Amino acid sequence: MKSSIYYGTTSFKTDQPTFRNGIQSYKEPTHYEHKVTFNNIHVYNNVAFVKGQFVRDNYGYLINFNKQNQLKINWEMSKRFMYGSLLLFSRDNFKTMVIGIVLERKIDLLKQGMFVVKLLEDEKPLFNTSLTMIESTVFFEPYKCSMEVLKNINIHNFPMEKYIISTCNKMSYPSYIESLPKICYSIDEMKEFQVMSNDNWPTKQQLGLDELQYEAFRAALSQEFTVIQLF
C-alpha cells in the first residue's frame, strides 16, 4: 500500500466530470433529444409523480419514469436507482428544480417504470406535470451524512478551522503531547525515541516503510493536522 501526504494548504485538481458538469452539458442547446446519458448523469424525460405513500417510517412518492416503455434495462443487474441515489426534477430545463433521493427500489416496480422517491428540504411534488429527471451516476448516500453535519458547523465550531478555513500552513504539534509524562514512543522492540525530535526517530528501514509511508507515519504522530491519502 502506498500513501501520499499533504501539508498545510493544498489544492486538488481533477479532470473527472462532476454532477454540475453533467447538468450543464444537458442544458446546452446543442444536446440531442434522444441522448439520455451525459457526463455523470442519466436523463429521463416525461417523468410524472403518481401518488404519495409510506415506505416504512418515511413518506415518499411513487413516480413513473418510463411511461412509453422505451427503456430496455436488465434491472436485476443494473445499478441505476440504487437506494439513496440523488435525483433532480424540473419542468423548466433546470432553471428551478426539486431534489430527491431513491427511497425504495423494487425490481417488479422498476420493470413497470416506477420506483419511490423521497423529496428533500421539504420539497413538494409536482403532480399532473411532465418533468425531466436527472439521476447522478455517483452514489450520493455516503456523502449525505457528511453534508448534514456540515450544515450545522460554523466558523466557531469547525474542527481544525485554522487549517481548513483560514488555510494556515504553519503546523502545530498535537495537543495530547503536552499531557504525556515524557514525549517518547516505543514501537515493537525498538528503543524509545522522542517523537518531536527529528534526530531521534527510527529509520524507515527499521520500521519497514518506504519514503512516503515514513513521512506520513511521522506526520500523523507529530503534527496536529495531517491528510494521508492511501492508494
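Brief remarks follow.
- Distance distribution note for region 163-231: the fraction of Cα pairs above 18 angstrom is 45%.
- Here region 68-158 is treated as an ellipsoid with the same Cα gyration tensor; its semi-axes, largest first and in whole Å, are 28, 18, 11.
- A 1.4 Å probe, protein heavy atoms only, puts the accessible area of Val43 near 0 Å².
- Ordering 60-67, 143-150, 44-51, 201-208 by mean Cβ neighbour count within 10 Å, with the highest value first, yields 60-67, 44-51, 201-208, 143-150.
- In this structure, the amide hydrogen of Met97, modeled 1.01 Å from its nitrogen in the peptide plane, lies closer than 5 angstrom to no residue at least 5 positions away or on a different chain.
- Accessible surface, the chain, averaged per residue in Å² (probe 1.4 Å): 66
- Carbon plus sulfur fraction of accessible area for the chain, probe 1.4 Å, in percent: 51
- Label positions at Gln68 and Asn152, each projected 7 Å from the Cα along the C-beta direction, are separated by 4.6 nm.
- Of the cross-linked pairs Lys106/Lys151; Lys67/Lys118; Lys162/Lys191, those separated by over 30 Å at the C-alpha level are Lys106/Lys151; Lys162/Lys191.
- Using a Gaussian network model of the chain in which every pair of alpha carbons under 10 angstrom is joined by a spring, one finds that among Lys151, Lys106, Lys182 the greatest mean-square fluctuation is at Lys182.
- Viscosity 1.002 mPa s, temperature 20 °C, Stokes-Einstein D of region 107-165 from Kirkwood C-alpha radius, µm²/s: 138
- Share antiparallel - DSSP beta bridges, the chain, percent rounded to 5: 95
- In this view, the solvent-accessible surface of Glu192, computed with a 1.4 Å probe and all protein chains in place, comes to about 90 Å².
- Cα convex hull volume per residue for the chain (Å³): 215
- With a 1.4 Å probe rolled over the protein heavy atoms of all chains, the accessible area of Tyr185, Tyr214, Tyr59 falls in the order Tyr59, Tyr185, Tyr214, largest first.
The values are calculated or read from the model by the stated rules, or taken from the named source; none is laboratory data. Quantities reported herein were computed from a predicted structural model and do not represent experimental measurements. As a convention, Cβ positions derive from the backbone with ideal geometry for all residues, glycine included, and neighbour counts pool all protein chains shown. Please note that ligands, DNA and RNA were not included when accessible areas were found on the heavy atoms of the full protein model with its side chains. Shrake-Rupley method; radii C 1.70, N 1.55, O 1.52, S 1.80 Å.
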